[in-house]
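The structure appears right after this line, and notes come after that.
The values are calculated or read from the model by the stated rules, or taken from the named source; none is laboratory data. Remember, predicted model here, so these are calculated numbers, not experimental data. Please note: Cβ atoms are built from the backbone with ideal geometry, for glycine as well, and neighbour counts cover all protein chains shown.
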Amino acid sequence: MPVLKRMEPNTHNYRLEESSITKRWYALRHGRSQANEQGLVASRIENAENAFGLTDPGRAEVEASVCNAASELLEAGPLRIFTSPFLRTRETADIAAEILGVSPISEARLRERDFGKFELLSDDHYEQVWDVDPVDPAQVPGDAETVYEVAQRTSEVILEAERDPDFSTGLLVTHCDVAMILFCEFQGIDPRLHRSLDPLRTGELRLLNKIDQS
């Protein structure tokens, strides 16, 4: 996959908010995982592709969220499920797929935000990155992935999928920072401010984009 160049704040544009989005897009954060239980940062595919899966409570909260939203997800026509390739998101997507009757598609660009040198350390280190996000994203510590890099790769997923006429609703199974940065992209909010919003909780499902009812 190509390496994305870091985007400076003054060059960023809200491509989803300004684009013609015709589909409904939802995010489903993975259920509570073993990494959550252990209080660890597990943000790289080499560590989390086959480890740090869902806990039993995590499975239960995903099932409850998807069951509660099933009618809404299916009412507008054909549904597609796209999932991060991490074990915890694949297991979440499999639960959703069983309830909704739709096979998930693996999408690497929905992977967790890379927290760099904080990998496999205590999740207290998240705060060091989040504190810098709204101030100077290009200078996030630990060589973590910037909000603009996450915004760019996830927006590409949406813009490419929007060209597919064979579905009308997309469900993105992903991670908290990734989902909230993408939410900012849809709403025209600077993604530096993602932590000022109500974060997606484990197992929570949320509509990302505004629906034009006209």
Here the residues within region 70-128 that are of a type in the set (Gly, Ala, Ser) and either within 21 Å of residue 46 (Cβ to Cβ) or in a loop (DSSP other than H, G, I, E, B) (or both) are 76, 77, 84, 93, 101, 103, 106, 108, 116, 122
Per the filter on region 28-60, residues among the basic types (Lys, Arg) and out of contact with any strand residue (DSSP E or B) (no Cβ under 9 Å at 6 or more places or on another chain) are 44, 59
Apart from one, (1) surrounded by fewer than 19 Cβ atoms within 10 Å (Cβ to Cβ); (2) over 20 Å from residue 33 (Cβ atoms) all hold for residue 60; the odd one out is (2)
Exactly one of 136, 131 is of a type in the set (Asp, Glu), more than 19 Å from the chain's Cα centre (by Cα) and over 25 Å from residue 42 (Cβ atoms), and that residue is 136
Here the residues within region 165-187 that are surrounded by fewer than 18 Cβ atoms within 10 Å (Cβ to Cβ), in contact (Cβ under 8 Å) with a residue 24 or more places away in the chain and out of contact with any Phe, Trp or Tyr (no Cβ under 9 Å at 6 or more places or on another chain) are 166, 167, 168
Checked against (1) in contact with a helix residue (DSSP H, G or I) (Cβ under 9 Å, 6 or more places away or on another chain); (2) in a loop (DSSP other than H, G, I, E, B), residue 186 satisfies every condition except (2)
Given the conditions (1) free of Cβ contacts under 8 Å to residues at least 40 places away in the same chain; (2) surrounded by 20 or more Cβ atoms within 10 Å (Cβ to Cβ); (3) under 23 Å from residue 208 (Cβ atoms), every one holds for residue 137 apart from (1)
Flagged in region 15-56 as under 18 Å from the mean Cα position of the chain (by Cα), in a loop (DSSP other than H, G, I, E, B), closer than 12 Å to residue 123 by Cβ and among the small types (Gly, Ala, Ser), in numbering order, are 42, 43
When you check residue 151 against the structure, is it more than 30 Å from residue 76 (Cα to Cα) and of a type outside the set (Asp, Glu), yes or no? no
Of the candidates 49, 17, the one satisfying the condition of being of a type in the set (D, E, K, R), modelled with pLDDT under 95 and closer than 19 Å to residue 178 by Cα is 17
Checked 190, 131, 198, 124 against criteria (surrounded by fewer than 16 Cβ atoms within 10 Å (Cβ to Cβ) and touching a residue at least 24 places away in the same chain (Cβ under 8 Å)); the one match is 124
